[in-house]
1. Per q in 0.28 Å⁻¹, report the Debye log10 I(q)/I(0) for the range 256-311, using one uniform scatterer on each alpha carbon and no solvent.
2. Assuming R0 = 45 Å, can you tell me the calculated FRET efficiency for the pair Arg286 and Lys244, based on Cβ-Cβ distance, to the nearest 0.05?
3. Could you pull out every residue, at least 5 positions away or on a different chain, whose amide H is within less than 5 Å of the one on Val116? Hs are placed 1.01 Å off N in the peptide plane, and Pro or chain starts have none.
4. Taking amide H atoms as placed 1.01 Å from N in the peptide plane, list the residues 5 or more away in sequence, or in a different chain, whose amide H sits under 5 Å from that of Leu372.
5. Any idea how far apart Gln192 and Asn536 come out in nm if each label point goes 7 Å out from Cα toward Cβ?
6. What figure in square angstrom, to the nearest 10, would you give for the accessible area of Glu276 with a 1.4 Å probe?
7. Between Glu356 and Arg268, how many nm apart are label points set 7 Å from Cα along the C-beta direction?
8. For the range 147-164, take each phi angle, set θ = phi - 60°, evaluate the Karplus expression 6.51 cos²θ - 1.76 cosθ + 1.60, and give the result in whole Hz per residue in order, putting x for glycine and proline.
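The values are calculated or read from the model by the stated rules, or taken from the named source; none is laboratory data. These figures come from a predicted structure and were not determined experimentally. Don't worry about glycine lacking a Cβ; one is built from the backbone with ideal geometry, like all the others, and counts go over all protein chains shown. Ligands, DNA and RNA are stripped out before the accessible areas are found, and what is left, the full protein with its side chains, is counted by its heavy atoms. Shrake-Rupley method; radii C 1.70, N 1.55, O 1.52, S 1.80 Å.
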Amino acid sequence: MVPFKKRRIQLHAANSGDGTIKFPQVVIFLLERKMGASRKSFLTQLGRGKGFLVEESFNQSVTHVVSENNSGDEARTWLNSQLSEQSGVEKNSAKEEIHVLDISWYTESMRVGCPVVIMDRHRLQETQQCGPELTEFSVPSYACQRCTPLMGHNSRLTDALSILADSAEFSENEGRNVAFRRAAAVLKSLPQPVTRLKQLQGLPCLGEHSLRVIKDLEGPICLCPQEILVEGVSLEVETTKHSKQYTVMKILTGIFGVGVKTADRWFREGIHTLSELRKSGHALNRAQQAGLQHYEDLNLPVTKTEADIIGHIVKKAVNAVLEGAEITLIGGFRRGKQTGHDVDFLITHPEEGREEGLMPKVVSWLESQGYLLYQKTTRNSYLEAKEGPGQPSSNMDRFERCFLIFRLPVDMDEGKVQMERLIGLQTQTENCTQTNRCPPVDGETETHTHPIVDASTQKRIPVLEPTQGSRNQPWRAVRVDLVVSPHSQFAFALLGWTGSKLFERDLRRWAKQEKAMSLSSHALYNSIQRTYLRANSEEEIFAHLGLEYIPPSERNA
């Protein structure tokens, strides 16, 4: 018995021009939709006359569907409807076996007398479905106009741009440094991950250089061949990250008291390690000596727990010399960070003027209790009445300020005793009383294992685990900044010292360029009206600037 398919081929051979089927593996169906019955009949006869197998109706044996004036989506929709009507045919498997082609493939095949190789130009293009529809992003150009969470959705991209920003800073190229940081800040503020470069079209602060890095990093997202950016790695970022200059500058600028200029000079002199610096014979100032001595500790992250404990110590010190003073934890910890490179506190007093002379007394108290490994105090040099709205290029404020290296106990036997004595805490244990003695020096062996409790609030204070790299000593060195502000300037100081650095930069830029105002950590000055605008809160400052208030947790640009 002759198989069904062979009988079908023989039947068509009998109806063809010369009775021969030359290409039995190619079974063609001409889609009449938009082609018309007469043209379909003509093309059918033409194909059969040249030895092609052209079916009158669609069936399971069809391998090539040829369409004229239909889009790929239209032809595929029609094909799917036909496949759904075919009994015993799996829709998805059949869909992969059938070529949906433009009429150009058919006419070219007729011209050469055989099926031509199917090229991309012959295939009807269909809308690719590679997951959810792409989100089109839109963000304001100023960082102070948008919310930026602590953790963004595009950390791979922002980390890469931050490396290039650091490199530009090490080369003292401020323009490139700011450009990369602004681009990273825009990406960090986006509410969803970037899956295609075209989603970034029209976004502010993304220059050609940043977009080129992003394109290199994008990598394959879906299985649409024409959309894949195959590298997934930026050669520029990888080269920068592993370059000698970058790695050495990261080490040298990690020394407290060493800036980019000094580190670059040392690098050019051939100093590439801490050991080489120690052997170089360079005369170091007090800050650099302390930074080099405590390098390991100062380059470990400071935890929120450590910041809170230091806060209790500072509060005790301030209250000991000025009753009623207010202490606020600022910087990254106020924005919600759980680790940082230092701890900052803003101190004020509700009665204007009572804060004057406070810093030396606080520092003296801390030194007498054995807290400090290093300290340097600068006096308040801001005089609003005489100087007007000062705008130094670095925009550094001129508050009374103390740079400290703090001696913080950790959770070891001696460290627990020191913690109780330094903070003035007491343990909830029988016959245990609060002590105000100075902390024990290294070598004391007294131990205490009871939980530590705040004597004033009776709340338990978390104790610290030993910090890796602390050389088994019962304390670690931590960078601490104390800033004293008059109460009338407190809102501006709080805003300026909360950060982030780029958020504050754009806040000042907005004030100057959009509002003709001058903003600093001391005051807000209206340059047109020539008056100071007072504020008792951050919300009032935002209102003066015509901006929607953004809480600290959303200022992580």
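1. Values returned for q = 0.28 Å⁻¹ are -1.24.
2. 0.90
3. HN-HN under 5 Å from Val116: Ser109.
4. So Leu372 has HN proximity to Arg407.
5. 4.4 nm
6. Its accessible surface works out to 80 Å², give or take rounding.
7. 4.6 nm
8. Karplus-based 3J(HN,Hα) across the range 147-164 equals 8, 10, x, 5, 10, x, 9, 10, 4, 4, 6, 5, 5, 5, 5, 5, 4, 5 Hz.
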